[in-house]
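Take a look at the structure below.
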Amino acid sequence: MFASHSQILCTIFGVNIYFYGVILALAIVAGTFVSDYFGQKFFDLKKETIIDLAPYLVIFGIIGARLYYCILNYSFYLRFPTEILAIRHGGISIHGAIFGGLVGLIIFAKRRKISIAKLCDVSAIGLALAQSIGRWGNFFNSEAFGTPTNLPWKLYIAPQYRPIPYQDVNYFHPTFLYESILDLAIFGILVLILKKDWNKKQGNLALIYLILYSVARICVETLRIDSVRDIFGIPVAIFVSICIIVVSSIALITRKS
């Protein structure tokens with residue numbers, strides 16, 4: 001059994017520094033430098049190309065993550081449109097971040113005249129690692145947990161963070177941890193593909209990432225109890241993941257080697 005003791009890491013000059021923000025920053029930095037390393041070693045990219053790309057991914061990723069979340073919760077944001085900009089109140093989505101980040105990547109690639117597919121491949125490696133690290137921000141925020149459980153690795157959630165139907169339940173599946181482990185495994189698989197020279201065509205690595213992450217997300221999502229919106233009782237994230245798997249698989253199979 002384990003539990004988060006606090007959301008706040010420290011206070012500096014009266015300003016609270018949150019674990020979530022620090023962990024996300026560490027995830028972005030780690031993912032950026034790892035991608036930059038692999039970009040130089042396996043994709044003949046100039047040093048710091050990915051570091052220059054990072055602001056595009058972060059800015060457009062945040063915009064995409066927020067817009068995606070707001071669209072899924074349109075009824076609330078139509079009534080309170082000023083809350084759209086209140087990102088500190090919570091509400092972002094990894095699927096939105098991926099779509100938004102792709103827009104930023106395309107803009108950067110066009111400006112630098114670099115292959116979009118190549119940048120997608122390199123970015124996918126760092127993204128998988130960043131996701132694995134970033135999920136620990138959910139731990140300190142006491143969010144992204146799953147259904148009740150009494151397994152040895154159960155996660156204690158304080159009463160104020162429990163959904164109303166689970167107020168009398170103390171322990172839940174640490175789904176943030178499950179996804180963190182799966183994301184780390186995906187990172188390892190992508191690195192193995194590179195080192196074994198199995199990446200025969202630019203863009204394939206990114207497609208493989210999308211398929212693997214979507215499968216992992218579906219597995220984790222079946223346990224989570226905090227889905228933003230359901231369709232016929234099924235979380236939207238599962239529908240989106242299935243669509244990504246289908247489209248990415250078709251693209252991977254039909255592409256010329």
State the percent of C-alpha pairs, over all pairs in the chain, separated by a distance greater than 33 angstrom.
22 percent
Any chymotrypsin sites (Phe, Trp or Tyr not before Pro) in segment 195-240 that lie in a DSSP loop and have at most 10 other Cβ atoms within 10 Å would be F232
Among G39, G100, G21, which one shows the biggest mean-square fluctuation in a GNM of the chain, springs joining Cα atoms closer than 10 Å?
G21
Once you place label points 7 Å from the Cα toward the Cβ at I181 and I51, how far apart are they in nm?
3.5 nm
Just want to confirm a number: the relative contact order over segment 1-145, from Cα pairs under 8 angstrom separated by 6+ residues, in percent.
36 percent
Would you pull out the residues with amide H under 5 Å of L9's amide H, same chain only if 5 or more places away, H placed 1.01 Å from N?
I17, Y18, F19
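Quick one: compute the contact order of the chain, relative version, from alpha carbon pairs under 8 angstrom and 6+ residues apart, as a percent.
Relative contact order comes out at 20 percent.
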If I model a spin label as a point 7 Å beyond the Cα along the Cα-Cβ vector, how far apart are those points for W153 and Y74 in nm?
3.9 nm
FRET efficiency (A251, K110; Cβ distance; R0 22 Å; to 0.05) is 0.60
Can you give me the % of accessible surface on the chain that is carbon or sulfur? Probe 1.4 Å, all protein chains present, nothing else counted.
67 percent
Any lysines with Cα under 24 Å of the K196 Cα? List them, leaving off those in the same chain fewer than 8 positions away.
K41, K46, K47, K118, K256
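Over all alpha-carbon pairs in segment 139-257, figure out the percentage whose distance exceeds 20 Å. Could you put the intermediate results ahead of the total?
On the way: 3679 of 7021 pairs.
I get 52 percent for the Cα pairs in segment 139-257 exceeding 20 Å.
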What value, in deg cm²/dmol to 500, does the helix sum -39500 (n - 2.57) over DSSP H runs of n ≥ 4 give at 222 nm once divided by the residues of the chain?
-20500 deg cm²/dmol
For segment 52-103, I need the span (max minus min coordinate) of the C-alpha atoms along each principal axis, in Å, sorted largest to smallest.
38, 17, 14
Descending packing, highest mean Cβ count within 10 Å first, for 23-31, 130-138 is 130-138, 23-31
Most to least packed among 215-223, 109-117 [average Cβ atoms within 10 Å]:
215-223, 109-117
Per residue, how much accessible area does the chain have with a 1.4 Å probe, in Å²?
55 Å²
I189 and L85 label points (each 7 Å along its Cα→Cβ direction) are spaced in nm at 4.2 nm
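The values are calculated or read from the model by the stated rules, or taken from the named source; none is laboratory data. Fair warning: this is a prediction, and the values are worked out from it, not measured in the lab. Please note: Cβ atoms are built from the backbone with ideal geometry, for glycine as well, and neighbour counts cover all protein chains shown. Side chains are part of the model used for accessible areas, which takes the heavy atoms of the whole protein and leaves out ligands, DNA and RNA. Shrake-Rupley method; radii C 1.70, N 1.55, O 1.52, S 1.80 Å.
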